[in-house]
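Working notes, structure below.
Each reported figure results from applying straightforward, stated rules to the coordinates on display, with no laboratory input. Just so it is clear, the model here is predicted, and its values are computed rather than measured. Note: ideal-geometry Cβ built from the backbone for every residue, glycine included; neighbour counts use all protein chains shown.
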Amino acid sequence: MKQKQSKGDRIFTILNTLFMLVLVIITAYPMYHVLCASFSNNTELVANPGLAFWPKGFTTGAYRLAFQHPLILSGFKNSILILIFALPLNMLLTLFAAYFMASKNLMFKKVIVFVMMFTMFFGGGLIPMYLNQRSLGLYNNLAALIIPGALSMFNAIICKTAIENLPDSLSESAYIDGANDIVVLFRIIAPLIMPTIAVVLLYYAVGHWNNWFHASIFIEDNKLLPIQNILRSLLIMNQDALGGGELSGNGDRFDSYTETIKYAAIIITTVPILCIYPFLQRFFVKGITIGAVKG
Amino acid sequence: MAKQRLPKTPVSVASIGKAIMKDYKRNKFKYLIVLPVIIYLLIFAYKPMYGVIIAFQHYKPFLGIDGSKWVGFDNFIAFFNDVYFFRLLKNTFSISLLSILFGFPAPIFLALLLNEIKNARFKRVVQTISYMPYFISIVVVCGLIKAFSQTDGVFNDIIFALGGERSNLLSVKENFYPIYILSGIWQSIGWDSIIYLAALAGIDQEQYEAARVDGAGRLKQMLYITLPGLLPTITVLFILRMGGVLNVGYEKILLLYQPLTYEVADVISTYVFRKGIVEANYSFSTAVGLFNSVVNIFFLMVTNKLSKKLNHTSLF
Amino acid sequence: MKRTTMKRFTAVLLCFAMLVTMAGCGVGKTPTTETESTPTPTVETGTDTPVTEEGFKGYPVDTDQKLTVWSSIMGPQKSFTSYTESPFHTGLAENTGIEVEWIFPTTGTDPAQAFNLMLASDELPDIIIYNIVNDADQYMDEGIIRDLTGFIPEKAPSYWNYLQENPYYDKTVKTDSGRYYGFGCFRESEWNAAYTGPVIRKDWLEECGLQEPVTLADWDNVIRTFSDKYGAKLAFAISRMNPGLAGAFGASGSFAKWTDELFYIDDSQKVQFSMSTDGWKEYMTQMNAWYMDGLIDTDTLTIDDAGMRTKALNDKVGISITSMGQMTNWLADVESSGSAAKWEGIAYPVQNVGDVVMKTQMEDTARACVGAVTTSCDDEKVDLALQWLDYFFSEEGIRYTNFGTEGETYTMVNGVPTYTDVILKAPEGANDALDKYVSAQWQNIGVQATELVRQKNNPIAVASVDVWLQNQESKKHIFPAGVTRTTEESNEATAIINSIQTYVQEMSLKFMTGEESLDNYDQYLVTLDGMGLSKLLEIQQTAYERFLKR
């Protein structure tokens, strides 16, 4: 719909576009920096750790070395398996919780919502969580990384907010047609909050992808570790700021790829999850025409 | 929230029973739906909650909760009496509130502006790129910040070009908050705006049409239609954010601070982390965690209440 | 003299033990015996399998029993997904004849956390290898590890002999009450324990016509000259300044976070807090003077090893303090960038020619890790566990853990095991290659040979360590790693140490940068005292004295 723009609107558009360009530059740059660094020669990278616009002495050595790491491939496999099994479960529980929290005229709603929300702010701590999971057999297997993280109340609240924004008339007319709540949830509500579901899926996916902590306590076998744990071991090797001192004693390790391999590892582990976003992005297209449904 | 009131008098077992039956009949599917959630939470959230007991013990992993020594409030007292307690509290609040003040509105701002971009492809590119920094490991981000802040680093090149003087930026305590918060915004602005972009998709397009007919400009539309449309999401996220006011992660601070900036940068989580290195003191960290929870819940409640009063949206 | 007495005593004990066993033989082998539920550390218990009859016949041991070992160290080299692929671990099983199921914290996992969760889970392995030296008493009292006091002399003869020959190590692996709790991680000499010191650009030195700096005045001159001529200031990673130049001032202590540099032993056997002495104040005064003159690189305050490497490569530093491993990095960078830089190690500075440096960087030769036998290890399996642990102290075991297999990873040259090209010319570098075949490279149960460290490192870096070890008396000032505190002492001390540490780090840098005037040094001391410093020193002193009496 072409419309005549006022002068103010035009200035606004120009400024806005400029702002976006600046934003793109400063946010894209670091990723580009990492990319350049990963293809750089280690010595030259060490010599100039600052701004880089192209790889310093192009080499793919760091990637070759990273893929030689015996756990990179199994790490990928595990991370992907976790996503495949976890995401449906996440979405199901989240929608259940959100739908309940968004419904009205329930006698026990207050109590149950309290029971659900309370878990966001109080936890038993590491050791009871560990013992609990071990006693359930959720130890040293991938299920240990899938089931315990099946529901995030934060995400449920986001969905709840989206559901509450829908007009009540939708579900009411469905009830009149004889539908029960399960049908209403999956047939009517879920399609209408698709943008929010897409976001929540992204949140869960990235959450699983980036989570290394659970695997570090519940996995005993290196071959079952997800990719982030492998990345972490590459990144914090020799990083005394996090480890609290030099453990190695007689000087530390010398490695001709120490710096570049870190960057290569970041690229390797990040690119797959970045690819998810464009797929979900189409759900954010403006106006899944709630108005039409309303009318 | 409209609630169906139960008749106040007479309160008899029979009438309550009746009400329950009625509620069950009408809402049984709703309860059925929430049942798996409740079971899940009971097993994975409530069952391990007994673990907070160790905050009142001198917990030894091998002896377990049953066998460890009971010390009452010693862990709490040790924390409150620590010479650094007030400094830690002050720093934690400062960093957290400054992050909220600047970091919370930033993605909203970005989402609003992105919404005004009419070229779909350009918009998509901006969106995709702006959320990339979120995926760079904090270890690497801090490595870059450190390299850039050195006397011959990029930041100093810029300062020098603008006529300023070179200095080691990270060793000056006045610089710590700006560096910490700006880098935080830079890293998460795109990612955090995603939720608002999704919420924007839910705004009724007819309203814009109507506004345009009334002759409202872009800015006006943004202020009077888009922003109110985002308000429920903003409110909920804000309340949740306030409910995490004491949760300032240790990892980034640990990587960026150094003795000269401890005075402003040392926070509760880094303090607990350092204690953890000296001895695996689970009791102490649980006690501090409990303290954090109480403070967080207090802030959550207050924000929730205020929000309920001011704009009639609330978490519960 | 003392040793012979000890040996004689042991011999008597052994004879006695044998008599008892023979006497009890008929009864002892029937299954109905009242087996002791908890093995008391008496000599009798240790004689279930008499040395004379079916005793140890050398490795490999003939057994089908398996051991489980939880260990935070000695993991497989990083290119192996599990120990079953690692030549060192499979070779070890072959040599000892004992099959071991190893459990390591997974890669990238915090070992302390893994250790505590393992304890919490109640599923103990037979042997744990971890930093338990400082809490050994508690671990025994809680029933996690066994008291090995009576067992070692017979069941682990190599280890016993080693301890007899090295009384200092003997002290480290027993508690104040004299109980032996485990098999230690030792270094052959202090050469292995010193790996940090001053380095200099020799080529610049020559260019400027200067001599190698010896005294602090020489240093001052060199720093000023380098600063004027090359714009290169005194720069270092704070973490490498332990104790840095403090030794020249009769002080010991660091800006950094290492706990072991917080205390030292003075000439009258008193435990001192490093950062509250007069020497420390003088040191701070000198650093402050250099800082005020713009001779200390301000990046020093935030820089880490990676940053220092960049500075070294970019000719931004000419004199520094760093580690042998970092120096190797610098030298490699010089080579691959074709730079003209010539890095060399120089001695720690002194006040006047002829002075002795009080403290240079040197760790304790005994490390905080030990291998201990847990209470989950059955009574019948204890012998096997001890035999396995003893292997690391046998002649062949020490050879294997340091050099690998003869003819493959090393050959004998003039009576010295010398690495072959499998190690020294390995495409992945000597460190990574060594990790495949030996365990002594970092920390391991047993003894790390000095030859190992010398042969694998860059010769220039090795020569530097030789230089750093001259003219110092660090060894007698080290606060021993084996000192233990009681639970109560420990609770009190850790709380004090924690806040004091933060405070001294902050103040040291403030004194150096002038943000806090050194005129306020007395006020600083008062504050330290208010934080419980004297109480802390008292605790450390008693703990140290108990250590000496062991």
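Can you tell me the equivalent ellipsoid semi-axes for the range B:69-167? Use √(5λ) from the Cα gyration tensor, largest first, whole Å.
Working: eigenvalues 297, 122, 43 Å².
They are 39, 25, 15 Å, listed from largest to smallest.
Beyond 29 Å in Cα-Cα separation lie the following of the pairs A:Lys110/B:Lys220; B:Lys60/C:Lys155; A:Lys56/C:Lys311; C:Lys155/C:Lys425: A:Lys110/B:Lys220; B:Lys60/C:Lys155; C:Lys155/C:Lys425.
Quotient of the Cα radius of gyration of chain B and 2.2 N^0.38 Å, N being its number of residues: 1.29. Look at the stretch B:190-198: the mean tally of other chain Cβ atoms within 10 Å of its residues' Cβ atoms is 5.
For the range C:64-126, what is the Kirkwood estimate of the hydrodynamic radius, computed as the reciprocal of the mean inverse distance between distinct Cα atoms, to one decimal in Å?
On the way: mean 1/r = 0.0793 Å⁻¹.
So the Kirkwood estimate lands at 12.6 Å.
Is the C-alpha gyration tensor of the range A:1-131 telling us rounded, prolate or oblate? Criteria: a/c under 1.5 is rounded; beyond that, a/b larger than b/c is prolate, otherwise oblate. Taking the square roots of the gyration eigenvalues as a ≥ b ≥ c, the range A:1-131 is oblate. Here's the picture: charge each Lys and Arg Cβ at +1 and each Asp and Glu Cβ at -1 in the protein assembly as shown, and of B:Phe62, B:Ala211, C:Met358 the one pushed furthest to the positive end of that dipole is B:Ala211. Overall form of the range C:301-341: prolate. Here a/c, set by the Cα gyration tensor axes a ≥ b ≥ c, is 1.5 or more, and a/b is the larger of a/b and b/c. With neighbour counts taken as other beta-carbon atoms within 10 Å, the residues C:Ser71, C:Ser158 rank, fewest first, as C:Ser158, C:Ser71.
Name the shape class, rounded, prolate or oblate, that the alpha-carbon gyration tensor gives for the range C:429-469, where a ≥ b ≥ c are the square roots of its eigenvalues, rounded holds for a/c under 1.5, and otherwise prolate holds if a/b is larger than b/c and oblate otherwise. Taking the square roots of the gyration eigenvalues as a ≥ b ≥ c, the range C:429-469 is oblate.
Taking each of C:Lys233/C:Lys475; B:Lys173/C:Lys510; B:Lys146/C:Lys202; B:Lys90/B:Lys173 in turn, the alpha-carbon distance tops 23 angstrom for C:Lys233/C:Lys475; B:Lys146/C:Lys202.
Take A:Ile25, C:Ile129 and order them by how many other Cβ atoms sit within 10 Å, fewest up front.
Numbers: A:Ile25 11, C:Ile129 25.
Arranged by neighbour count, lowest to highest, A:Ile25, C:Ile129 become A:Ile25, C:Ile129.
Over chain C, what is the mean sequence separation of C-alpha contacts under 8 Å (at least six apart), divided by residue count, expressed as relative contact order in percent?
Working: 884 pairs, mean separation 118.5, N = 550.
It rounds to 22 percent for chain C.
With charges only on Cβ, +1 for K and R and -1 for D and E, what is the dipole size of the range B:81-311 about its Cα centre, in debye, rounded to 20? Can you show the working numbers first?
On the way: 19 positive and 15 negative charges, 72 e Å.
The calculation lands at about 340 debye.
Pairing the Cα long axis of helix A:153-164 with the longest principal axis of chain A, what angle in degrees results, from 0 to 90 and rounded to the nearest 10? Rounded to the nearest ten degrees, it is 40. Between B:Asn311 and B:Leu89, how high is the FRET efficiency from 1/(1 + (r/R0)^6) when r is the Cβ-Cβ distance and R₀ = 35 Å? Nearest 0.05. The value I calculate is 0.70. Look at the alpha carbon pairs under 8 Å that are at least 6 residues apart: their mean separation over the length of the range C:64-170 gives a relative contact order of 29 percent.
Derived scalar couplings between HN and Hα for the range B:128-145 equal 4, 6, 5, 9, 4, x, 4, 8, 7, 3, 4, 4, 6, 4, 5, x, 5, 4 Hz in order, rounded to whole Hz, by the Karplus curve 6.51 cos²θ - 1.76 cosθ + 1.60 (θ = phi - 60°), x for Gly and Pro. For the protein assembly as shown, the equivalent ellipsoid derived from the alpha-carbon gyration tensor has semi-axes of 55, 40, 28 Å in decreasing order. The calculated FRET efficiency for C:Gln269 paired with C:Ser534, based on their beta-carbon distance and R0 = 30 Å, is about 0.95. Estimated from helices alone, the mean residue ellipticity of chain C at 222 nm is -13000 deg cm²/dmol (sum of -39500 (n - 2.57) over DSSP H runs with n ≥ 4, per residue).
Only Cα pairs under 8 Å and 6+ residues apart enter the sum, and on that basis the relative contact order of chain A stands at 28 percent.
Look at the dipole of the range B:147-303 built from charges on Cβ: of B:Ile181, B:Gly249, B:Ser171, the Cα furthest out on the positive end belongs to B:Gly249. Near the amide H of C:Val199, within less than 5 Å, lie the amide hydrogens of C:Ser320, C:Ile321, C:Thr322, C:Ile346, all on another chain or at least 5 residues away, with H placed in the peptide plane. For chain C, taking the reciprocal of the average inverse distance between every pair of different Cα atoms yields a Kirkwood hydrodynamic radius of 25.7 Å.
About the Cα centre of chain C, how large is the charge dipole given +1 on each Lys and Arg Cβ and -1 on each Asp and Glu Cβ? Please answer in debye to the nearest 20. Please list the in-between numbers first.
Values: 43 positive and 79 negative charges, 204 e Å.
Approximately 980 debye in magnitude.
Hey, for a label at B:Gln205 modelled as a point 7 Å past Cα toward Cβ, could you say which residues of the range B:85-119 have their backbone N under 20 Å away? The answer is B:112-119, whose backbone nitrogens lie closer than 20 Å to the label point. Counting every other Cβ atom within 10 Å of each residue's Cβ, A:Cys36, A:Cys275 order from fewest to most as A:Cys275, A:Cys36.
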